[in-house]
Amino acid sequence: MPTTPTRRQRVIEFATPKVADLVVVEVVDASRNVSSADSADDVADINGNYGAAHPDTLRFKDFKLSLIKNADSEQGQFQLWYYVKDRESQDEYNWEFQAAGASNPIYDTVVRTFVLLRSTYDESDPVIGSYMPTHERDPFTTDAVTKTDNEYVLFEKKQVRSGDETLDSLYVVEQRIYVKRVPIRRTDVDSEFDIPLKSKETIYYKDETVFKTTAFGATDATETTGITASALFKRNKVPNDFFGTYLEPNSLESQANKNVGILREGRQLTDNWYAIAEREVMKTNTTPTEEVNLIKKYFTYQNYTWPAVLLRIKDENWSRRDGGHDTIVYPIYKKGTYSGPTKVQVELFWRVDKFGVGSSKEGSTTELATVNPMLPEPCVFQTPIATVNVPPTLHDRISVTGTTGTDHPVYSYIGTTWTFLATNYTDWPDSLVISDTQKPFRGGYLRERVTAYKPVAGT
């Protein structure tokens with residue numbers, strides 16, 4: 001049934017869950033207008049130009065003409081004029097929440113969809129990395145002052161067409177993706193040392209100041225770098241004071257008596273976002289009762305040779321029936337040679353910098369020991385009246401005196417003395433460092449010191 005030209009018809013549609021956001025549709029007699037949607041030039045007038053105000057400015061204040069289309073395809077006389085207004089308080093209803101999960105993003109995510117006027121659209125507002133605005137009616141935490149949820153930051157935004165012909169002429173639809181920025185944590189068990197090693201990954205906006213973790217705990221200990229993420233990644237500082245492996249001193253009760261080696265790495269995710277990965281690579285001891293930089297120690301057995309220990313060289317004179325005497329010289333041992341399983345203590349140390357080569361037999365927290373092995377020496381002499389051939393042994397200073405005497409049947413009187421200097425050890429030490437080595441390991445240097453303990457005869 002055709003509509004009479006003098007009769008105004010109005011249809012009101014609800015555009016959003018908020019009742020105040022309406023779309024007003026007017027049925028207009030096209031025969032009375034000098035132009036139509038095809039001639040619209042965004043000038044607000046009565047001729048059907050997009051952006052024109054609704055004629056009833058009292059009841060429909062701030063409503064703008066956004067679409068004109070035929071109301072009657074058969075007659076083509078009447079048109080539908082759609083009026084919409086800028087949407088206020090969109091934060092009340094425009095959110096969609098997605099929890100992090102196995103098949104979902106690694107962060108809790110909130111997508112807020114805004115319908116914005118094209119003529120006033122500003123791509124830089126709000127800035128990436130800013131906090132998410134909230135409303136008292138939504139379920140998110142609200143800061144009383146800023147009216148934002150400071151756990152969620154703007155990660156990405158994109159502009160899309162609404163798919164609604166009523167809006168597309170005047171408005172643009174923007175999706176703002178907020179993520180709940182939390183460190184993604186992990187705990188691994190060191191297979192070599194059976195200690196838990198913690199790690200985390202944190203995302204930073206390019207203009208945010210980066211913080212470095214110095215200790216992992218219920219609340220991490222952190223220090224500011226004083227530099228933004230983008231600048232940090234561009235920096236070519238030598239030595240670099242952030243990326244790489246660093247030994248961080250104890251600063252948390254949970255890390256009592258421990259220094260922690262922390263490796264820091266980074267990658268750029270997008271033009272705006274960077275990820276900083278920090279992980280523990282080693283934990284070392286700091287207690288006064290143990291050596292600094294110690295990881296662990298244990299006892300075991302390994303084959304080792306302990307040389308014989310010479311007590312003295314004894315001489316005896318044997319009288320001859322035909323006159324004179326023969327001299328017999330022979331060694332007397334304190335200990336014989338032992339080669340076999342020996343109790344040893346293995347100590348493992350780690351530090352970022354190389355261990356130096358020290359001068360002490362035990363070494364220090366920063367220096368390797370000077371390995372001083374037992375060096376046995378032989379005792380050998382030969383004369384017409386006496387001969388000695390003692391294989392290498394440990395011994396004190398030894399002097400042997402010999403003489404032919406006055407009644408030797410063959411040789412005239414002569415006397416001599418043989419002196420053998422003391423070896424570096426005169427007996428088995430209670431313990432000695434038999435090996436002290438280092439090698440590159442996890443961004444630093446792993447030191448292994450092996451101490452052997454002298455064998456003790458069982459009863």
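FYI, it's all coordinate maths here, none of it is from the lab. Because the structure is predicted, anything quoted here is derived from the model rather than measured. Here Cβ is always computed from backbone atoms with ideal geometry, including for glycine, and neighbour counts include all displayed protein chains.
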Which of I106, I68, I295 has the fewest other C-beta atoms within 10 Å, and how do the rest follow up to the most? I106, I295, I68
If you find the alpha carbon centre of the range 283-339 and of the range 358-437, how far apart are they in angstrom? 11 Å
For the range 350-459, what is Rg from Cα atoms divided by 2.2 N^0.38 Å, rounded to two decimals? 1.76
Give me the net charge of Q159's neighbourhood, meaning all other residues with Cβ under 9 Å from the Cβ of Q159; Lys, Arg count +1, Asp, Glu -1. +1
Which value, in debye to the nearest 20, describes the size of the charge dipole of the range 185-285 about its Cα centre when Lys and Arg Cβ atoms bear +1, Asp and Glu Cβ atoms bear -1, and nothing else is charged? 260 debye
Taking W428, W318 and counting other beta carbon atoms within 10 angstrom, the fewest-first order is W318, W428
Give the dimensionless ratio obtained when the Cα radius of gyration of the range 397-458 is divided by 2.2 N^0.38 Å. 2.34
On alpha carbon coordinates alone, what is the Rg over Rh value for the range 258-372, Rh being the Kirkwood radius? 1.42
Ranked by Cβ crowding within 10 angstrom, fewest neighbours first, how are H325, H54 ordered? H325, H54
Over all directions, the range 95-247 yields a Cα convex hull whose mean projected area in nm² is 13.8 nm²
Work out, step by step, the length gained on full extension between Q302 and R118: first 0.36 nm times the residue separation, then minus their alpha carbon distance; give nm to one decimal. 58.1 nm
Roughly what percent of Cα-Cα pairs across the range 90-180 reach past 18 Å? 48 percent
Lys/Arg +1, Asp/Glu -1 at C-beta; the range 357-449 dipole; positive extreme among V357, F381, V410: V357
For a Förster distance of 22 Å, can you work out the FRET efficiency between the beta-carbons of K69 and V160, rounded to the nearest 0.05? 0.50
Semi-axes of the equivalent ellipsoid for the range 173-331, Cα gyration tensor, largest first, Å: 68, 17, 14
